[in-house]
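Let me begin by presenting the structure, written as structure tokens, before commenting on it.
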Amino acid sequence: SSPTAKTAATDTAAKKTTYLSEPLIKEIYTADPSAHVFNNKIYIYPSHDIDAGIAENDNGDHFAMRDYHILSMDSIGGKVTDHGVGLNIKDIPWAGRQLWAPDAAYKNGTYYLYFPVKDKKDIFHIGVATAKDPAGPFKAEAQPITGSYSIDPAVFTDTDGTSYMYFGGIWGGQLQRWINGKYANESKTDSKQPDAPAISCKVAKLTADMKQFDGPVADAVIIDSLGKPLLTKDSTRRFFEGSWMHKYNGKYYFTYSTGNTHFLCYAIGDKPTGPFTYKGVFMKPVQGWTTHHSIIEVKGKWYIFYHDTELSGKTHLRNIKVTTLTHNTDGSIQLIDPFGK
Ligand code: FUB
């Protein structure tokens, strides 16, 4: 081949191993990082990936996590402290298996850790645990949140003090099995109706004590530029799992993963409950099947916490990272390439 072709091939190889940022912690595998600023420190609530020796499947059985380690750092780029186990599955009375992506919140002197786990009948619900210290240890409530199901809780507190939980994930996250709040045990993937509106992420207001849903669970609907809901077949744009909410210039930015097409996308609304108008991809696929993020503002700058599989090369043994997130003056988000272009 010509010298030019050789250079192009070398560049491609280099691209595959040049990552945008470093794993934040290398001693344990971590994923699904939900970051928050509490007491002027950055706390990260990730999943703690382990190799449980379970074969990979579309149900996600290989993600067999059993506890959470809470991490913190004084500043972006600073030393990362592992505060050890903040909650163990054996201390959750109703838990069966698979402690998946958590989130945290603070209100009136108490920290809340929200976590999805399968119950003893192998059905995902969402629980809550409390602590007086953001690093835990957290004590789980005896039962899951009433009316909760599926995975990936993300709790957002609006500027008026009202908190909302976004939750859900299709396929292994079981969201497709819940019809009108009832478990139907149907499709293993999605609605199986390609031309029907896609299954939506769910949103519920939280009670003042942050431990229950205050009112009904609603759909966080994503619409296209014509106001029509995204369809099931629109797999590069529709919601799959891993939602997050941040408010920027008075607008509500709903961000999420498209799962099997591996994008992080954003959609903007005028209310925390949506609808949200699809705007585009803001992060290209990372190494590994899953892509899951959180977005926070630290001292006037915005950051995205995310994960990939740089350390292990295995899809269920992930490592968390952080990089900058930039809002353009027109409100759009700059596209991030996790391989640094
Ligand atoms: O970590 C287990 C699952 O993988 C999460 O709940 C999903 O968001 C995906 O990252």
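Search segment 170-185 for residues that are within 16 Å of the ligand (Cβ to nearest atom) and pair each with any residue that is of a type in the set (A, V, I, L, M, F, W, C) when their beta-carbon atoms are under 6 Å apart and the residues are at least 6 apart or on different chains.
Pairs that qualify, where the first residue is within 16 Å of the ligand (Cβ to nearest atom) and the partner is of a type in the set (A, V, I, L, M, F, W, C), are Ile170/Ile199; Ile170/Phe240; Gly173/Ile151; Gln174/Phe124; Leu175/Ile199; Gln176/Ile170; Gln176/Ile199; Arg177/Ala184.
Conditions (1) among the β-branched types (Val, Ile, Thr); (2) in a strand (DSSP E or B); (3) away from the ligand (no atom under 11 Å from the Cβ); (4) free of Cβ contacts under 8 Å to residues at least 12 places away in the same chain, marked per residue:
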residue: Trp289; (1), (2), (3), (4): no, no, no, no
residue: Glu297; (1), (2), (3), (4): no, yes, yes, no
residue: Tyr306; (1), (2), (3), (4): no, yes, no, no
residue: Leu311; (1), (2), (3), (4): no, no, yes, no
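Just the residues that are over 25 Å from Leu24 (Cα atoms) and among the polar types (S, T, N, Q), please, taken from segment 88-135.
Residues satisfying the conditions are Asn108, Thr110, Thr130.
Which residues, counting only those in segment 45-87, are over 15 Å from Ile28 (Cα atoms) and open to solvent by 40 Å² or more (accessible area, probe 1.4 Å)?
First pass over segment 45-87, keeping only residues over 15 Å from Ile28 (Cα atoms): 53-62, 73-79, 87.
Listed by number, the residues that qualify are Gly53, Ile54, Ala55, Glu56, Asn57, Asp58, Asn59, Asp74, Ser75, Ile76, Gly77, Lys79.
Can you tell me which condition Gly259 does not meet? The list is (1) over 18 Å from Lys247 (Cβ atoms); (2) in contact with a Gly (Cβ under 6 Å, 6 or more places away or on another chain), and all the others hold.
Condition (2) is where Gly259 drops out.
Residues being open to solvent by 10 Å² or more (accessible area, probe 1.4 Å) and either within 16 Å of Ser332 (Cβ to Cβ) or free of Cβ contacts under 8 Å to residues at least 40 places away in the same chain (or both): count how many of those fall in segment 248-265. Steps first, answer last, please.
Taking segment 248-265 and keeping what is open to solvent by 10 Å² or more (accessible area, probe 1.4 Å), we get 248-252, 260-263.
Of the ones still in play, those that are also either within 16 Å of Ser332 (Cβ to Cβ) or free of Cβ contacts under 8 Å to residues at least 40 places away in the same chain (or both) are 248-252, 261-263.
Summing the residues that are open to solvent by 10 Å² or more (accessible area, probe 1.4 Å) and either within 16 Å of Ser332 (Cβ to Cβ) or free of Cβ contacts under 8 Å to residues at least 40 places away in the same chain (or both) in segment 248-265 gives 8.
Within segment 266-281, how many residues are crowded, with 22+ Cβ neighbours inside 10 Å and closer than 18 Å to Asp337 by Cβ?
Selection size over segment 266-281: 1.
Could you please give the count of residues in segment 28-52 that are among the charged types (D, E, K, R), touching a strand residue (DSSP E or B) at 6+ places or on another chain (Cβ under 7 Å) and away from the ligand (no atom under 13 Å from the Cβ)? So that I can check it myself, show each step before the final result.
First, pick out the residues of segment 28-52 that are among the charged types (D, E, K, R): 32, 41, 49, 51.
Among the residues that remain, those that are also touching a strand residue (DSSP E or B) at 6+ places or on another chain (Cβ under 7 Å) are: 32, 41, 49.
With the extra rule that they be away from the ligand (no atom under 13 Å from the Cβ), the set shrinks to 41.
Of the residues in segment 28-52, 1 are among the charged types (D, E, K, R), touching a strand residue (DSSP E or B) at 6+ places or on another chain (Cβ under 7 Å) and away from the ligand (no atom under 13 Å from the Cβ).
Considering each residue of segment 212-233, count those that are in contact with a Phe, Trp or Tyr (Cβ under 9 Å, 6 or more places away or on another chain) and surrounded by 17 or more Cβ atoms within 10 Å (Cβ to Cβ), and give that number.
As a first pass, look at segment 212-233 and keep what is in contact with a Phe, Trp or Tyr (Cβ under 9 Å, 6 or more places away or on another chain): 217, 220-225, 230.
Next, from what is left, pick out any that are surrounded by 17 or more Cβ atoms within 10 Å (Cβ to Cβ): 217, 220-223, 230.
Residues flagged as in contact with a Phe, Trp or Tyr (Cβ under 9 Å, 6 or more places away or on another chain) and surrounded by 17 or more Cβ atoms within 10 Å (Cβ to Cβ) within segment 212-233 amount to 6.
Does Val117 satisfy being away from the ligand (no atom under 14 Å from the Cβ) and either in contact (Cβ under 8 Å) with a residue 24 or more places away in the chain or under 20 Å from the mean Cα position of the chain (by Cα) (or both)? Before you say what the answer is, go through the steps one by one.
Working: away from the ligand (no atom under 14 Å from the Cβ): no; either in contact (Cβ under 8 Å) with a residue 24 or more places away in the chain or under 20 Å from the mean Cα position of the chain (by Cα) (or both): yes.
Taking the combined requirement at face value, the residue does not satisfy it.
Here's a check for you: in segment 88-114, which residue that is open to solvent by 10 Å² or more (accessible area, probe 1.4 Å) and polar (S, T, N, Q) is nearest to the ligand (Cβ to nearest atom)?
Restricting to residues being open to solvent by 10 Å² or more (accessible area, probe 1.4 Å) and polar (S, T, N, Q), the top hit is Asn88.
Of the numbered conditions (1) of a type outside the set (D, E, K, R); (2) assigned to a loop (DSSP other than H, G, I, E, B); (3) in contact (Cβ under 8 Å) with a residue 40 or more places away in the chain, Ser235 satisfies every one except a single condition; which is it?
(3)
Under the condition of being under 19 Å from Ser294 (Cβ atoms) and under 18 Å from the mean Cα position of the chain (by Cα), which residue from segment 312-332 is surrounded by the fewest Cβ atoms within 10 Å (Cβ to Cβ)? Walk me through how you get there before you give the answer.
Of segment 312-332, the ones under 19 Å from Ser294 (Cβ atoms) are 318-327.
With under 18 Å from the mean Cα position of the chain (by Cα) added as a condition, the list becomes 318-325.
On the way: Arg318: 31, Asn319: 24, Ile320: 27, Lys321: 23, Val322: 25, Thr323: 16, Thr324: 13, Leu325: 23.
Checked segment 312-332; the qualifying residue surrounded by the fewest Cβ atoms within 10 Å (Cβ to Cβ) is Thr324.
If Ser243 meets every condition in (1) within 16 Å of the ligand (Cβ to nearest atom); (2) surrounded by fewer than 19 Cβ atoms within 10 Å (Cβ to Cβ); (3) among the hydroxyl-bearing types (Ser, Thr, Tyr); (4) touching a residue at least 60 places away in the same chain (Cβ under 8 Å) apart from one, which number is that one?
Of everything listed in (1) within 16 Å of the ligand (Cβ to nearest atom); (2) surrounded by fewer than 19 Cβ atoms within 10 Å (Cβ to Cβ); (3) among the hydroxyl-bearing types (Ser, Thr, Tyr); (4) touching a residue at least 60 places away in the same chain (Cβ under 8 Å), Ser243 misses just condition (2).
Considering each residue of segment 120-156, count those that are among the β-branched types (Val, Ile, Thr), within 27 Å of Asp74 (Cα to Cα), open to solvent by 10 Å² or more (accessible area, probe 1.4 Å) and away from the ligand (no atom under 16 Å from the Cβ), and give that number. Reasoning before the result, please.
To start, the set of residues in segment 120-156 that are among the β-branched types (Val, Ile, Thr) comprises 123, 126, 128, 130, 145-146, 151, 155.
Right, trim to within 27 Å of Asp74 (Cα to Cα) and you get 128, 130, 155.
After this cut, where a residue has to be open to solvent by 10 Å² or more (accessible area, probe 1.4 Å) as well, the list is 130, 155.
Those still in the list that are away from the ligand (no atom under 16 Å from the Cβ) too: 130.
Qualifying residue count for the region: 1.
Does segment 59-82 include one or more residues that are among the hydroxyl-bearing types (Ser, Thr, Tyr), more than 21 Å from the chain's Cα centre (by Cα) and not in a loop (DSSP other than H, G, I, E, B)?
Residues of segment 59-82 among the hydroxyl-bearing types (Ser, Thr, Tyr): 68, 72, 75, 81.
Retained after the next criterion (residues that are more than 21 Å from the chain's Cα centre (by Cα)): 75, 81.
Next cut, not in a loop (DSSP other than H, G, I, E, B) only: 81.
Within segment 59-82 (the criterion being among the hydroxyl-bearing types (Ser, Thr, Tyr), more than 21 Å from the chain's Cα centre (by Cα) and not in a loop (DSSP other than H, G, I, E, B)), the answer is yes, since at least one residue qualifies.
The values are calculated or read from the model by the stated rules, or taken from the named source; none is laboratory data. In this text the structure is predicted, and so the values were computed from the model without any measurement. All Cβ positions, even for glycine, are placed from backbone atoms using ideal geometry, and neighbour counts span all protein chains on display. Each accessible area value is taken on the protein alone, full model and side chains, heavy atoms only, with ligands, DNA and RNA left out. Shrake-Rupley method; radii C 1.70, N 1.55, O 1.52, S 1.80 Å.
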